[in-house]
Amino acid sequence: MNANATPITNVANTVTPPGPPLWLLAEVTYKCPLHCVFCYNPVDYAQTGPELSTEDWLRVLREARAAGSVQCGFSGGEPLVRDDLEILVAEAHRLGFYTNLLTSGVGLTEARAAALKQAGLDHVQLSFQDSTKELNDFLSHTKTFDLKRRTADLIKSHDWPMVLNCVIHRLNIDYIEQIIDLAVELGAEYLELANSQYYSWAELNRDHLLPSREQLERAERVTNACREKYGDKIRIIFVVPDYYEKRPKKCMNGWGNVFLTVTPDGTALPCHTAKMLKGITFPSVRNMGVSDIWYQSKAFNFYRGDSWMKDPCRTCHDKEKDLGGCRCQALMLTGDAANADPVCDKSPMHHRVTEAVAYAQIPDGQRENVKPLVFRDLKNSRLPML
Amino acid sequence: MSTVPVAQLSDEQAVQDLQACPRVAKMFKLQWEEVQQSWVLLYPEGMVKLNGSAGEIMSRLDGNTSIQTLISTLEQQFETTGLQADVLDFLTIAKRQGWVKL
């Protein structure tokens, strides 16, 4: 399209009004008993403001539901750390949300499971913990297995569908068959093998976490063999790391299109990592209603449509398909969130991705000056370098 | 989050028994969404938005009503005839997607 020949009235950004915020992710706390090196919570989460109160969350749930949200995920941190979780789930259920609990299982006692069932919780997604620390006892079926077994039994005994989520990375990808076998043994309906995406803590630890091409290909082969072996018994979803792609993902299905994240302090975000975009002031549910946040706020309109795009995205035939990829990834790897996501091989900065991929092919033993893994904890979160 | 797929149906999985009484599968929650003006199926972390006729069929499945009765009810309500093939086609898709149990 020749933009110069287009009448000015047509150049104006014609944004189709977005649909409702179908997905509400309620990050009720950043507190977490775990210290996962791939956590997507902000690396400076220690500096976050006070958590929303029960009353605040109840209001957010009502406003979001009125605006058309149907899926509600209770996440964190570890959401079970909040002792008002049952109250929030009950209200979400009463309002007609489909309610999902995204948990590590730590803190899910029989009493709390029963209370959550009574509150109307629809589904539990159980995630594996930090497998770097527990790889050994995980593989030897000791401590971790016992916790997961207990939690899985609780989930089953309350008749919840169970999705098991395991973040896959360089340090555990070679054990994917054992992970799948364990998921089957635990009775999970779905298993998400989600390759780590390189945001926040995972970005700090990227060189430790990005698998080699050989590891990745082997893991896909093993996964396919397991799919055949287990058939309908379990549905396995394998998400490849986008660093190995040539075209970027349509991140969050579009900015401010489907997803609304509310962080523990009440900041409303179009995705769970968008807070890193320091140039945008994100609204707070403390002083703006959900509908206004979604439809009116400057932040949620910032990257809607395509008028913000630069080349090569602006003139790309695929711009509708992937919307230029991920704004956070563009910022992290190119310094400007409005650039093309450098996963795209049309990006002039694509080498930032291929360099990381090239480094991932070097065996661990042959690497020099390796920085230690940075664990997600309060102490590290307060370090000025992060 | 998808709309109902239009698929070519193979015979061996086709729903044919008019006396069967389908119900919405346990994993799914069916509800009317005012904002979307449509019936939706909700499941762990996902949603299927049903089109008009799919919603009319799904919202009448209770595990006690036979497909035969369902067809008669729909034909009466919409003052038409010959809905049997469409209803059976849809139920075949819905069964294959795991949305309904027979």
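The values are calculated or read from the model by the stated rules, or taken from the named source; none is laboratory data. All values derive from a computational prediction rather than experimental measurement. Please note: Cβ atoms are built from the backbone with ideal geometry, for glycine as well, and neighbour counts cover all protein chains shown.
Computed values, structure above
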quantity: Filtered residues of the stretch A:264-277 (kept if in contact with a helix residue (DSSP H, G or I) (Cβ under 8 Å, 6 or more places away or on another chain) and either under 16 Å from A:Ser53 (Cβ atoms) or of a type in the set (Phe, Trp, Tyr) (or both)); calculated: A:Gly266, A:Thr267
quantity: Hey, A:Thr261 surrounded by 15 or more Cβ atoms within 10 Å (Cβ to Cβ) and touching a helix residue (DSSP H, G or I) at 6+ places or on another chain (Cβ under 7 Å) or not; calculated: no
quantity: Single residue of B:Leu50, B:Leu61, B:Leu91 found to be surrounded by 14 or more Cβ atoms within 10 Å (Cβ to Cβ), in contact with a strand residue (DSSP E or B) (Cβ under 8 Å, 6 or more places away or on another chain) and within 30 Å of A:Glu63 (Cα to Cα); calculated: B:Leu50
quantity: Sole residue being at pLDDT 90 or above and under 16 Å from the mean Cα position of the chain (by Cα), chosen from A:Glu192, A:Glu177, A:Glu245, A:Glu220; calculated: A:Glu192
quantity: Residue match in the stretch A:322-329 (condition: under 17 Å from A:Ser196 (Cα atoms), small (Gly, Ala, Ser) and crowded, with 23+ Cβ neighbours inside 10 Å); calculated: yes
quantity: Conditions (1) free of Cβ contacts under 8 Å to residues at least 24 places away in the same chain; (2) over 18 Å from the mean Cα position of the chain (by Cα); (3) within 14 Å of chain B (Cβ to nearest Cβ): number failed by A:Ser284; calculated: (3)
quantity: Test for A:Thr334: is it buried (at least 18 other Cβ atoms within 10 Å of the Cβ) and within 18 Å of the chain's Cα centre (by Cα); calculated: no
quantity: Residues (under 15 Å from the mean Cα position of the chain (by Cα), outside any loop (DSSP other than H, G, I, E, B) and hydroxyl-bearing (Ser, Thr, Tyr)) located in the stretch A:256-267; calculated: A:Thr261
quantity: B:Val35 being of a type in the set (Val, Ile, Thr), within 14 Å of chain A (Cβ to nearest Cβ), touching an Asp or Glu at 6+ places or on another chain (Cβ under 9 Å) and without any contact (Cβ under 8 Å) to a residue 24 or more places away in the chain; calculated: no
quantity: Residue within the stretch A:268-275 that is under 17 Å from the mean Cα position of the chain (by Cα), of a type in the set (Val, Ile, Thr) and crowded, with 20+ Cβ neighbours inside 10 Å present; calculated: yes
quantity: Filtered residue count, the stretch B:20-61, keeping only those that are in a loop (DSSP other than H, G, I, E, B) and under 16 Å from B:Phe90 (Cα atoms); calculated: 9
quantity: Within the stretch A:120-146, tally of residues that are at pLDDT 80 or above and out of contact with any His (no Cβ under 6 Å at 6 or more places or on another chain); calculated: 7
quantity: Among the candidates A:Ala219, A:Ala188, A:Ala183, residue that is within 14 Å of chain B (Cβ to nearest Cβ), crowded, with 18+ Cβ neighbours inside 10 Å and in contact (Cβ under 8 Å) with a residue 12 or more places away in the chain; calculated: A:Ala188
quantity: Residue among A:Asp292, A:Asp242, A:Asp232 that alone is touching a residue at least 24 places away in the same chain (Cβ under 8 Å) and of a type in the set (Asp, Glu); calculated: A:Asp242
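Every residue, every condition in (1) buried (at least 17 other Cβ atoms within 10 Å of the Cβ); (2) under 21 Å from the mean Cα position of the chain (by Cα); (3) farther than 18 Å from A:Arg352 by Cα, yes or no:
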{"residue": "A:Leu171", "(1), (2), (3)": "yes, yes, yes"}
{"residue": "A:Ser200", "(1), (2), (3)": "yes, yes, no"}
{"residue": "A:Leu204", "(1), (2), (3)": "yes, yes, no"}
{"residue": "A:Lys278", "(1), (2), (3)": "no, yes, yes"}
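Residue-wise test of (1) loosely packed, with under 12 Cβ neighbours inside 10 Å; (2) out of contact with any strand residue (DSSP E or B) (no Cβ under 8 Å at 6 or more places or on another chain); (3) assigned to a helix (DSSP H, G or I); (4) among the small types (Gly, Ala, Ser).
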{"position": "A:Ser347", "(1), (2), (3), (4)": "no, yes, no, yes"}
{"position": "A:Val353", "(1), (2), (3), (4)": "no, yes, yes, no"}
{"position": "A:Tyr359", "(1), (2), (3), (4)": "no, yes, yes, no"}
{"position": "A:Gly365", "(1), (2), (3), (4)": "yes, yes, yes, yes"}
{"position": "A:Val370", "(1), (2), (3), (4)": "yes, yes, no, no"}
{"position": "A:Leu373", "(1), (2), (3), (4)": "no, yes, no, no"}
{"position": "A:Arg376", "(1), (2), (3), (4)": "no, yes, no, no"}
{"position": "A:Asn380", "(1), (2), (3), (4)": "no, yes, yes, no"}
{"position": "A:Leu383", "(1), (2), (3), (4)": "yes, yes, no, no"}
